[in-house]
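See structure below.
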Amino acid sequence: MLVKDIYPDWQGNSIEVTQVTYNSQAIIPGAIFVALRGENTDGHKYISDAVSRGAQVAIVEVVDESLDVPQIKVANTQAELAVLAAHFYQTLNSPMQFVGITGTDGKTSTASIIEYLLADQKSVGYIGTNGVRFADRVEPHTLTTPLAPELHRIFSDMQKAEVDVVAMEVSSHALALHRVDTIDFDVAVFTNLTHDHLDFHGTFENYMAAKQLLFRGLGADKTAIINIDDPYAKQFAAATKAKVVYYGVNPKADYWAEAIEFDQFGSKFQLHTPDEAYTVRTKLLATFNIYNIMAAIASGAALGLDIEKMIARIEMMPAVDGRMELINEGQPFAVVVDFAHASAALENVLKFARTITANKLYVVIGAAGARDTIKRPVMGNVAVTNADVAVFTTDDPYFEDPDDIIDDMVAGMIATNYVRIVDRAEAIAYALDQAGPGDCVVVAGRGNYDILPIKGVDVHFNDIDFSREFLQKKYK
Ligand SMILES: CC(=O)N[C@H]1[C@@H](OP(=O)(O)OP(=O)(O)OC[C@H]2O[C@@H](n3ccc(=O)[nH]c3=O)[C@H](O)[C@@H]2O)O[C@H](CO)[C@@H](O)[C@@H]1O[C@H](C)C(=O)N[C@@H](C)C(=O)N[C@H](CCC(=O)O)C(=O)O
Ligand SMILES: Nc1ncnc2c1ncn2[C@@H]1O[C@H](COP(=O)(O)OP(=O)(O)OP(=O)(O)O)[C@@H](O)[C@H]1O
């Protein structure tokens, strides 16, 4: 690709573009540098730096006349980055089909279920919080939805590996920051909407508007799959010209569940589809996973896949990594490790856990540092209200003092059914040690994460591994 292939009016010399990047420090000579306005600084300040490191041109929102370096002015550099990345990696008009999943909770679970259910009928790729997976390849990455250059590099690799369908999580940040602008989604799934990420979006209305962008962008020949039981279902349906397919427990939905039975080993339910009813059995725990399964089956059906094959496969699917994962090392009580780190998700998990708890329900929970401080007392309150014993501990404090975060979680609390144990390992050990027959311990907030960032130091800690090791020592 040459600069003039994209910008025909370009007056400068053009050599083969080697890279499209937003980071001046990572420039490879021949790159196109795109100046983004960030939270800490403004990429426009690094135009000279980028060009001195070998960038051919800087893409900017405001031309800096004082600089004697090539600049091209565009209206929105975030949006332009997505277009440039798609050109560079030749992923515009991709032969792959795309399923985008958005919502406050359930993106990783639903995308992973889609990946699993479709795998015997199509070659499927997954992109989301748990990394990138396709064609026997697994790549870690840190964001739910990577920035456009990374995203299109992944698409390009997937195209080369002949992936048919990409199931990807689409965060509200990605939508607001134009990361997924050029992707022609065939199916978009809306799971639910509750209070989250208001530190970034400012208001709930902005947060919802960002989520809705996924649906606004769908063409009339595409499919929007919407949770009919969510209070915002109608707003999402109204935001799209695509065909709307509803799922839920409401019989008005196209895919709806009834006769739900569950225990600590999984669930069974009757699934009504537009054509037939089926009995579905799954090892996935909790009612919200029945929603995720319905969204996944409806997505597969929208892509023309065989529903009976998907229903047969769901019976075999193990827990999604770090989501409602049962840990069984011979202990006489249930242990569930889960990723719930917002109050609504935590409440759902604890309400489910209560139904499989004969005696005491324990929850080990913290709140993240550096963001969304208003959710801390709400989380604390959900924990003490829904569990018999809450163990408040550390969860990704970043540069904050974990003790201060716990102070916020218990601020104004009247309930006394909690203990504070700052060290996460000690907190989990406490709950696992106290629990006895008929109890249940929910270790919430971090799922399968391996790294706990404490005051700038990445501490290696994994809730699942720690719980397993503790229980093995005590019970085997
Ligand atoms: C809030 C957010 O999305 N932030 C993104 C933003 O970072 P920032 O605003 O801090 O950037 P900045 O440091 O101010 O720098 C501005 C620009 O100057 C550039 N720069 C800076 C210094 C320099 O020497 N040279 C240079 O070119 C930077 O590369 C950047 O493009 O722009 C950066 C690149 O331009 C992104 O990497 C960064 O995402 C960071 C990694 C991030 O953590 N994002 C999270 C919040 C996120 O996107 N999360 C969602 C949701 C997850 C969920 O649902 O829980 C996700 O999809 O993962
Ligand atoms: N459909 C759902 N509705 C409500 N809660 C859910 C749903 N699916 C999963 N959960 C709960 O939310 C937690 C997070 O689930 P998951 O990782 O699938 O969501 P996510 O949207 O990807 O989250 P994040 O954006 O934080 O990565 C789960 O561990 C579970 O407790």
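The values are calculated or read from the model by the stated rules, or taken from the named source; none is laboratory data. It should be emphasised that the depicted structure is a prediction, and the values quoted were computed from it without experimental measurement. Using ideal geometry, Cβ is built from the backbone for each residue, glycine included, and neighbour counts are taken over all protein chains shown. Ligands, DNA and RNA are excluded from the accessible area calculation, which covers all protein heavy atoms including side chains. Shrake-Rupley method; radii C 1.70, N 1.55, O 1.52, S 1.80 Å.
Brief remarks on what is shown
- Measuring with a 1.4 angstrom probe and ignoring ligands and nucleic acids, I421 comes out at about 30 Å² accessible.
- Rg/Rh for the chain (Cα atoms only, Rh after Kirkwood) is 1.00.
- Between H173 and E139, the FRET efficiency estimated from the beta carbon spacing at R0 = 25 angstrom works out to 0.80.
- The modelled label-to-label distance between V459 and A161, using points 7 Å beyond Cα along the C-beta direction, is 3.4 nm.
- For the stretch 89-106, putting each phi into the Karplus relation 6.51 cos²θ - 1.76 cosθ + 1.60 with θ = phi - 60° gives couplings of 8, 6, 10, 5, 6, 4, x, 6, 9, 10, 10, x, 10, 10, x, 6, 10, x Hz, in residue order, rounded to whole numbers and with x for Gly and Pro.
- Computed from backbone phi with θ = phi - 60° and the Karplus coefficients 6.51, -1.76 and 1.60, the 3J(HN,Hα) list for the stretch 50-58 is 4, 5, 5, 8, x, 5, 6, 7, 10 Hz; x is used for glycine and proline.
- On a per residue basis, the chain carries 42 Å² of accessible surface, using protein heavy atoms and a 1.4 Å probe.
- Here the chain has 50 percent of its accessible surface on carbon and sulfur atoms, given a 1.4 Å probe and all protein chains in place.
- Once the C-beta distance of Q472 and F265 is scaled by a Förster radius of 25 Å, the resulting FRET efficiency is 0.75 to the nearest 0.05.
- Cross-link partners of K241 among lysines (Cα-Cα below 19 Å; sequence separation of 8 or more within a chain): K211, K222
- Normalised by the number of residues in the stretch 126-236, the mean separation of alpha-carbon contacts (under 8 Å, six or more apart) gives a relative contact order of 23 percent.
- Taking each DSSP H run with n ≥ 4 as -39500 (n - 2.57) and averaging over every residue of the chain yields -9500 deg cm²/dmol at 222 nm.
- Mean shadow area of the stretch 184-296 over all directions, Cα convex hull, nm²: 8.0 nm²
- Residue-by-residue Karplus 3J(HN,Hα) for the stretch 9-15, coefficients 6.51, -1.76, 1.60, Hz, glycine and proline x: 7, 4, 8, x, 5, 10, 10
- Largest-first ordering by accessible area, 1.4 Å probe, given options E329, E315, E61: E315, E61, E329
- I28/A220 FRET efficiency (R0 25 Å; Cβ-Cβ; nearest 0.05): 0.05
- Summarising the label geometry, the points placed 7 Å from Cα in the beta-carbon direction at K4 and A119 lie 4.9 nm from one another.
- With coordinates expressed along the principal axes, the C-alpha atoms belonging to the stretch 3-88 extend over 32, 25, 23 Å, beginning with the largest.
- For the stretch 114-177, a/c is not less than 1.5, where a ≥ b ≥ c are the root eigenvalues of the C-alpha gyration tensor, and a/b tops b/c. That puts it in the prolate class.
- Mean projected area of the convex hull spanned by the Cα atoms of the stretch 325-475, taken over all viewing directions: 7.7 nm².
- Surface accessible to a 1.4 Å probe, D450 within the full protein complex, Å²: 70 Å²
- Other-chain or far-sequence residues with amide H under 5 Å of I101's (modelled H): M168, E169, V170, V189
- Cα gyration tensor, the stretch 112-256 - rounded (a/c under 1.5), prolate or oblate: oblate
- Three-way shape label, the stretch 304-358, alpha-carbon gyration tensor, a/c 1.5: prolate
- Computed extension gain for N417 through N76, at 0.36 nm per residue and net of the alpha carbon distance, reaches 117.6 nm.
- Nearest-10 value in Å² for the accessible area of K474, using the 1.4 Å probe: 90 Å²
- Using 0.36 nm per residue and subtracting the Cα-Cα separation, the extra length available between T41 and T373 on full extension is 117.2 nm.
- In this simple spin-label model, placing a label point 7 Å from the Cα along the Cα-to-Cβ direction at both E315 and F204 gives a separation of 4.2 nm.
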